[in-house]
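Rule-based calculations on the coordinates, nothing more; no lab input. None of these values were measured; they are calculated from a predicted model. Neighbour counts are summed over all protein chains in view; Cβ atoms, including those assigned to glycine, are modelled from backbone coordinates with ideal geometry.
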Amino acid sequence: MEGNETFKDSLNSIDVQVSDDGMAGYIKMEEVEGATEAISVSQIKEALAREKIVHGIDENVLEKLAQRPIYRIRMQVAQGIKPVDGENGQVVYHVEKDADYHPDYTEEGTVDYKSLNYFQTAKKDQLLCEIISETEGTEGINIYGVSVPARRGNPPISPMGKNTVLSEDGTRLLAACDGVIKYTRDKVDIQETLNIPSNVDQLTGNIDFTGDVVIGGDVCDGFSVKSGGNIIVKGVVECARLEAAGSIHISNGINGGDRADIIAGSDFRSLYIENAVLHVQGNIYADYIIGSIVTCMGNVELMGRKELIIGGEIKVSGNINAREIGNESERVTLIEVLGIETTDTEAIRQMKEERDSCVGNLKAISEVVERFNTLRESRSELLPEEQYEAARKQMALLKEKVGLLNHQIKRLEAAGRVEYNGMIVCKKKIYPGVTICYGEKRNGPYTEGREHCRIYWQEGEILQGAL
């Protein structure tokens, strides 16, 4: 990266240049008309020394340039040592995450939504995961001889959740009791289960439980179930409300009557979804979706005999896999693929904190230099020259670092954009009346059907390809 500052040694016709990060030094020599002697190694060193370049000077290059000068071409003569950042810590899981589980299939090849073997269980003292700590980096040094700190690796996010315990050395996470394994973001919980053998109705009232809830019957009209873990319903969900921090599994389906309200912090599975409102942080697995308003931050996977979407609004961050979208009656159906903001906000935050710290140090050292300047004007014989020069050099380095950080922050902020990774895959037909959106871009409502196609985003446009 080429520097913004150029230093001139007019006496010896040597230009000194430094990269923005202070890691590389260059010279460009100009032949002086009428000169009787070539530029010497000592003259080049003097030019570098005047610009405080003291580290990483390549003596071999200097010797070669003195013996066989190269004029009007910039030559690198000094190289700093870049810091090596430490490695991030990590967590190695020994139990599968929810997304790695799939429902069982019947002999006919259809999905068995009544299968309840989806959730994992753990025994007391079972190993859940191993924790590998982050490492220190190796600091570098720039051509001014100033140390350049390395970034220590980020520590691993602690996976310790409810009913789990760390080993004495902190490297292993163990189950503290028997229970169901549940993931809440990056944490592993072991939760006990609340079993309701019949319906959720007037006899049970609304359910609010910190662990998993298993309901042997239906969730009836007007009732609610809230769980700090997962919810399993072996029957049907009517015009009810379900809210789970983890997954929701409905063995039969939802007959929502436009009033069912479902919130899942992880995956959602149901035989079918009719006239419901869903907010799902993970994936949705069902046979068909009719007349529903769905927001899904993962994929919508339709699996079964019908595999269709008719009516309503589907917002999805991932992919939709369906056999048919819309119907012959041209029922209005909206599919919207949600974008993902790619700005590295954490890196920007860290750089701003570092910049603000440098600005504070710069203000303090500037005040010191100002007091030295006042002393020089009034009583120069009392001026501590070495301290004065050190303070001036430190102030210059801080200014340079603040400028570099501001440049890096602007570059990261400018690089931010919205990406659309989701794809609509239709194995049979998209009917007229269907609209597909990617952000502000909109296709539809279609006036004619589209068969065996995939709709995807590429370079700012909605494109269609064949399967």
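Things to note:
- Within the chain: Cβ-based charge dipole about Cα centre, in debye rounded to nearest 20 (Lys, Arg +1; Asp, Glu -1): 440 debye
- Counted charge near residue 125, where neighbours are those whose Cβ lies closer than 13 Å (Asp, Glu -1; Lys, Arg +1): +2
- Against the chain, whose longest principal axis is taken from its Cα atoms, helix 385-415 shows a tilt of about 30°.
- Fraction of beta bridges assigned by DSSP in segment 131-243 that are antiparallel (%, nearest 5): 40 percent
- Distance between modelled label sites at residue 59 and residue 261, nm, 7 Å Cα→Cβ extension: 7.8 nm
- Applying 0.36 nm per residue to the separation of residue 350 and residue 121 and subtracting their alpha-carbon distance, the gain on full extension is 78.5 nm.
- In percent, rounded to a whole number, the relative contact order of the chain is 8, using alpha-carbon pairs under 8 Å and six or more apart.
- Dipole of the chain computed with +1 at Lys/Arg Cβ and -1 at Asp/Glu Cβ about the Cα centre; of 254, 465, 181, farthest Cα towards the positive end is 465.
- Segment 37-46 - phi-based ³J(HN,Hα) in whole Hz, Karplus 6.51/-1.76/1.60, Gly and Pro as x: 10, 6, 5, 9, 4, 5, 5, 5, 5, 5
- Net length gained if the chain between residue 130 and residue 157 were fully extended (0.36 nm per residue, minus Cα distance): 8.5 nm
- Cα shape, segment 230-312, gyration tensor, a/c 1.5 rule: rounded
- Rounded to whole Å, the principal axis extents of the Cα atoms in the chain read 101, 60, 45, largest first.
- Shown in residue order for segment 148-163 are the 3J(HN,Hα) couplings computed by the Karplus curve 6.51 cos²θ - 1.76 cosθ + 1.60 at θ = phi - 60°: 10, x, 8, 7, 5, x, 5, x, x, 5, 4, x, 6, x, 5, 6 Hz (x for Gly and Pro).
- By DSSP, the beta bridges lying fully in the chain are antiparallel in about 40 percent of cases.
- Nearest-0.05 FRET efficiency for residue 176 and residue 221, computed from C-beta distance (R0 41 Å): 0.55
- Gyration tensor (Cα) of segment 111-229, equivalent ellipsoid semi-axes in angstrom: 46, 17, 12
- Karplus-based coupling profile of segment 64-73, in residue order and whole Hz: 5, 5, 6, 6, 9, x, 10, 9, 6, 10, with θ = phi - 60° in 6.51 cos²θ - 1.76 cosθ + 1.60 and x standing for Gly or Pro.
- Pairwise centroid distance, computed over Cα atoms, of segment 446-464 with segment 213-248, Å: 37 Å
- Here the scattering of segment 6-79 is modelled by Debye summation over its C-alpha atoms, one equal scatterer each and no solvent; at q = 0.12, 0.18, 0.19 Å⁻¹ the log10 of I(q)/I(0) is -0.27, -0.62, -0.69.
- Positive minus negative residues near residue 290 (Lys, Arg vs Asp, Glu; Cβ under 10 Å): +1
- Distance distribution P(r), segment 345-416, all Cα-Cα pairs, bin width 10 angstrom from 0: 20, 37, 22, 14, 6, 1 percent.
- Principal axis extents of the Cα atoms in segment 284-347, from largest to smallest and rounded to whole angstrom, are 50, 23, 15.
- Between 0 and 90°, nearest 10: helix 345-379 axis offset from the chain longest Cα axis: 30 degrees
- Dividing the summed -39500 (n - 2.57) terms of all DSSP H runs of n ≥ 4 by the residue count of the chain sets its mean residue ellipticity at 222 nm at -6500 deg cm²/dmol.
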